[in-house]
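Undergrad: Can you read through this structure? Questions will come right after.
The values are calculated or read from the model by the stated rules, or taken from the named source; none is laboratory data. This is a predicted model, so every value here is computed, not measured. Cβ placement follows ideal geometry from the backbone for every residue including glycine, while neighbour counts extend to all protein chains displayed. Just so you know, the surface numbers come from the protein's heavy atoms only, side chains and all, with ligands and any DNA or RNA stripped out. Shrake-Rupley method; radii C 1.70, N 1.55, O 1.52, S 1.80 Å.
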Amino acid sequence: MIDKSALDALWIMIGAVLVLMMQGGFLCLESGLTRSKNAINVALKNAFDLIVAALLFWLLGFTIMFGQHDAWSLDLRWLAADFTDDSLWHASFFLFQLTFCATAATIVSGAIAERSRFQVYVLITALISLILYPTFGHWAWSGAINPTSGWLEALGFTDFAGSTVVHSLGGWVALAAVIVIGPRTGRFVQGKPQEIPGSNLPLAILGMLFFMIGWIGFNGGSTLEFNEKIAGIIVNTIISACAGGMMAMILSNAEKEKVRSTSLTINGTLAGLVAITAGCHLVSTPHAALIGAIGAFVMFMTDRLMLRYQLDDAISAVPVHLAAGIWGTLAVALFGHLDALGEPFSRFEWIGIQLIGIAACALFVFPTSYLVLQLLKRLTPLRVSLDAEHQGLNFSEHGARTELSELLSSMQEQERTG
Amino acid sequence: MIDKSALDALWIMIGAVLVLMMQGGFLCLESGLTRSKNAINVALKNAFDLIVAALLFWLLGFTIMFGQHDAWSLDLRWLAADFTDDSLWHASFFLFQLTFCATAATIVSGAIAERSRFQVYVLITALISLILYPTFGHWAWSGAINPTSGWLEALGFTDFAGSTVVHSLGGWVALAAVIVIGPRTGRFVQGKPQEIPGSNLPLAILGMLFFMIGWIGFNGGSTLEFNEKIAGIIVNTIISACAGGMMAMILSNAEKEKVRSTSLTINGTLAGLVAITAGCHLVSTPHAALIGAIGAFVMFMTDRLMLRYQLDDAISAVPVHLAAGIWGTLAVALFGHLDALGEPFSRFEWIGIQLIGIAACALFVFPTSYLVLQLLKRLTPLRVSLDAEHQGLNFSEHGARTELSELLSSMQEQERTG
Amino acid sequence: MIDKSALDALWIMIGAVLVLMMQGGFLCLESGLTRSKNAINVALKNAFDLIVAALLFWLLGFTIMFGQHDAWSLDLRWLAADFTDDSLWHASFFLFQLTFCATAATIVSGAIAERSRFQVYVLITALISLILYPTFGHWAWSGAINPTSGWLEALGFTDFAGSTVVHSLGGWVALAAVIVIGPRTGRFVQGKPQEIPGSNLPLAILGMLFFMIGWIGFNGGSTLEFNEKIAGIIVNTIISACAGGMMAMILSNAEKEKVRSTSLTINGTLAGLVAITAGCHLVSTPHAALIGAIGAFVMFMTDRLMLRYQLDDAISAVPVHLAAGIWGTLAVALFGHLDALGEPFSRFEWIGIQLIGIAACALFVFPTSYLVLQLLKRLTPLRVSLDAEHQGLNFSEHGARTELSELLSSMQEQERTG
């Protein structure tokens, strides 16, 4: 069994392993950028996201996304499928897609960390894994294993590894959730944002490294085969990330206060990664650097815009995944080699097509998630009580105490008795 | 050199790299679930386990496990062998086996953390790497590179990647050590277990992710070749893990107090991984989900049972590795495709054979380690002094101070002087 | 495209991914071994090192290192090159080399942590990525993709994966920086070293594991092809690391105080890795164990020597990377199979050639970096103010507060008001 398809399967399995490292990246990033009293809640939510997304995508999401549906019926071939009975390549493909779905699902939760109830995370994860991601993914990517393509793909929409399909999609849900759920208590005082320092920035920076490593699989594996273009795609990915980090470091040092320079550098790097995701297979390396740098700039401006409108995104998921994702999707048409597509349309037409894809994602995902969350809000509170928020979600949601809180109470004890 | 064997060697080298990630998983899990004052001790023990196990397995363990011994003499071909002089495949095989031995060795230490002396860890690691694991491994797995099989393998005992050979084996030693060494001071007050909160649950959850990533190599690599079944094996592994995590989350939320929901979710996921290890190559994906969920249930009930008998396992290594390992070994016979084996026996006979393997492990490993530890206890204390336990093993065993303890003393200073 | 070169490219891409894990190792190690008040600064510096080194090596460093220069002109073929336009193998080669340059660049910063200004890190990284590493690398390694070799390579200098080219080189810069910048305030009191405990030793130990995993790619990938020797190389790497860790654990337990046993065990393991890097392809596994053990001993003695001369290397980068790197480079000639080279010279001549390489590195790198730093010192302070050093570089350099510092001030508040 040593033929081309063996190497293809090996490559996307390696890709899947690396994309799982991104889950570690999310965990480190999010629990590092939030406060100790919520860090367990945030980390557990990240792990549980993966569990829920994997199970639901296996049960139903995969067959929705990659079934060959027609107008009258859904193709439910892979409903809770047995992949040991399938070919090596196809089982590898499922594995790779599973990790992508988990990535889309986990983007949201960081944005609404430190005040949302654990059940809300789980519900959003289910919404993404079962409906939003498989549906939009079907439109853009189902041609990968089917004779016919989804309508966006048929139109010529190009989103290689998911600047829109994965990242903007997650970002739109995050934006809806941030609006519906509201800011953390104390985040805005008389309209002015109050910096809330993260508990463990070194961990967050480690998370950034995990993202860079994981994205090698995310973009590199999206060829879905082992071909000549892979190494160039990975070089583009790394260079774009570094250009984004550099740009964010420069921008943050131009600010009056340096307090956000660490988190901005992290997020600039991530914005560079998100931005290059759609077009890493079609742009040159110097253009990749440019796309990453602009991605970080877009992230930076969106971050400011959100603060102006008092939208509180605890880890800047919207600026990173939504804004840089939109930019990256557009950038394909601006910088991509037209001849690589066989020039079926002009650059101008291409921009239009990319805009259609961006708009389709916005119009499908944002209202749906906004409405679902508003409906849910009438049934049950989406955020923890003010007391619980003050006390920390580690304890209120999971009964988990930290040593720091234990330390504090033991010191008070000491004071009283001694 | 591009033939099938090249891809086989590549695959098990990738497997070995991933299994080393599991060492990172153990480190994060164990130092996250224990208290700060012991976290350095726990982490160092994990790293040192790997060092000791690797050296001893290279020196002697490998040749015991995979030598072609006969009744009259041991085959010591690979005593401190030079693997640069060996074939690519064989050196890769050694590398892969080395990481398995290190995994078996490191299971125990978490169970007896926070009160055992460092030397005891080292001794147990030596016992496992030199005698217990190579001997039992010889019975079950030596046919992988030898013309004749060990007796368990010859009988038809099926343990693909080591639910019994690695995990239960480590679990039996852990159980013996927990009994001989006794609970942490303060863990049981008038027979009632007192929750001891971990120092860093986010780190423990990161550890869980490392386990999921690492297990892809643990199970996926155990084909010992790159074949058609690999991707299905990995899908089974991930789905079983997630089903275990889901089951544990549900069970823990049904408890009166939520305090243990985080660690139970972690351990349920690990139990799912342990349980699917024996049969991931022979069961369907839906059965893998079932096996994982039941694995978590078995872990949960064993955890309660141990608390009832006042057995203090600091990270629930026995419920995870021993109990779920036994379940997983049985589950092969319950759910495995009989025809895959060429149907040499009935399902009922198969269950019997699996029980023989489980019993052989119990009868060989538990008494041996129990006796060794009891003997040792007469020569030297196995646990640190009560004072040292109170002060923390970081300091008593390694002279290491933490910033938190420094902080405390500087505050007391401040109080006195100001 | 399934031929030998595909597997070669796959292998060095896997290598590059693993070497990036070493960046995670540096981050964990360095921020774990330094104090909380500086840990963010240290971690950010590690991430930013990678960003700066990657961009500069792509822009200019790579073409300096691997261009086919002649006496009259530089070959600037790869100036800010477009690697998507290049062959798979060549783009993979660039990716792999990029991660090596980042490794060389990041060695220095740990040594001068906790007192140096952030800009100094960035400048040193630029110096290494643009000039020192590409130049010396050209001498030793440019034959890998060119018809003619650099002068050291032509001479017969053997440094497989960079004991000298990467590690000693970084170590010489670190030594110069330690001398010019001076010790941390309070590190030496009346000439006696004062132990400064790290903030997070478990994280540092996790870093050690990341190093072991990453080094599999560092050494294993340096074959630059997928060949028969790879698995033996990796076995040698792991065994040498473990022998180094074991030796350091023994040495540290022989000291009067155990306080440094944790960091010494970590650094002994790293010294074992550094030492085997030059010759892992030419020595037997038992010799690898010996080389690693002696590497740890050399590290240990150099560490003491530096303390005697009041040279303050915050993470022992000089003992690990410079001293063990020199030893490893020599060890190739002492233990390497001469016949593997086709015996162009005697063992005695080989020792001489290795010494020339070691000396060339010393004479080129140390004075250059010493002079650059001395010049720079006249223009701008290299270290933060005494106040900033006391307060911690997290805040002074990045405005970043930690929860611990917040906790302290809130407790003081409490004391005042209650």
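Undergrad: Could you grab me the full set of residues in segment A:191-204 that are surrounded by 24 or more Cβ atoms within 10 Å (Cβ to Cβ) and in a strand (DSSP E or B)?
TA: Answer for segment A:191-204, where residues must be surrounded by 24 or more Cβ atoms within 10 Å (Cβ to Cβ) and in a strand (DSSP E or B): there is none.
Undergrad: Taking segment C:98-131 on its own, how many of its residues are away from chain A (no Cβ under 14 Å), within 19 Å of the chain's Cα centre (by Cα) and surrounded by fewer than 24 Cβ atoms within 10 Å (Cβ to Cβ)?
TA: 4
Undergrad: Can you name every residue in segment B:62-78 that is in a loop (DSSP other than H, G, I, E, B) and either at pLDDT 95 or above or surrounded by 11 or more Cβ atoms within 10 Å (Cβ to Cβ) (or both)?
TA: B:GLY67, B:GLN68, B:HIS69, B:LEU74, B:ASP75, B:LEU76, B:ARG77, B:TRP78
Undergrad: Just one of (1) more than 23 Å from the chain's Cα centre (by Cα); (2) within 14 Å of chain B (Cβ to nearest Cβ) trips up A:LEU95, so point out which.
TA: Looking at each condition in turn, A:LEU95 falls short on (1).
Undergrad: How many residues does segment C:131-153 contain that are farther than 17 Å from C:THR223 by Cβ and without any contact (Cβ under 8 Å) to a residue 40 or more places away in the chain?
TA: 3
Undergrad: Can you say whether A:LEU88 is of a type outside the set (S, T, N, Q), more than 7 Å from every other protein chain (Cβ to nearest Cβ) and under 25 Å from A:THR148 (Cβ atoms), as far as the supplied structure shows?
TA: no
Undergrad: Considering segment C:5-42 alone, what residues qualify as being facing another protein chain (nearest Cβ under 9 Å) and outside any helix (DSSP H, G or I)?
TA: Result: C:ARG35, single match.
Undergrad: Residues of segment A:270-307 being among the hydroxyl-bearing types (Ser, Thr, Tyr), out of contact with any Pro (no Cβ under 8 Å at 6 or more places or on another chain) and more than 10 Å from chain C (Cβ to nearest Cβ), which ones?
TA: A:THR277, the sole residue that qualifies.
Undergrad: For segment A:205-237, how many residues meet the condition of being open to solvent by 10 Å² or more (accessible area, probe 1.4 Å) and at the interface with chain C (Cβ under 8 Å from one of its Cβ atoms)?
TA: 3
Undergrad: Can you name every residue in segment C:252-273 that is small (Gly, Ala, Ser), over 17 Å from C:GLY198 (Cβ atoms) and modelled with pLDDT of 95 or more?
TA: C:ALA271, C:GLY272
Undergrad: Scan the helices (runs of 4 or more DSSP H) fully inside segment C:331-405 and keep the ones with 3 or more residues being more than 14 Å from chain A (Cβ to nearest Cβ).
TA: C:347-379, C:386-391
Undergrad: Counting only residues that are of a type in the set (D, E, K, R) and either over 21 Å from the mean Cα position of the chain (by Cα) or surrounded by fewer than 24 Cβ atoms within 10 Å (Cβ to Cβ) (or both), which one in segment A:135-189 is nearest to A:LEU355 (Cα to Cα)?
TA: Filtering first and then ranking leaves A:GLU153.
Undergrad: Would you say B:PHE364 is open to solvent by less than 50 Å² (accessible area, probe 1.4 Å), within 18 Å of the chain's Cα centre (by Cα) and farther than 24 Å from B:GLY244 by Cβ?
TA: The answer is yes for B:PHE364.
Undergrad: Would you confirm whether any residue within segment C:296-309 is at pLDDT 95 or above, more than 14 Å from the chain's Cα centre (by Cα), on the phi > 0 side of the Ramachandran plot and open to solvent by 10 Å² or more (accessible area, probe 1.4 Å)?
TA: no
Undergrad: So, one more: Search segment B:238-269 for residues being more than 21 Å from A:THR125 (Cβ to Cβ) and crowded, with 24+ Cβ neighbours inside 10 Å, and hand back the single one that is farthest from the other protein chains (Cβ to nearest Cβ).
TA: It comes out as B:ASN267.
Undergrad: Any idea which of B:ALA323, B:ALA331 is over 17 Å from the mean Cα position of the chain (by Cα) and crowded, with 23+ Cβ neighbours inside 10 Å?
TA: B:ALA331
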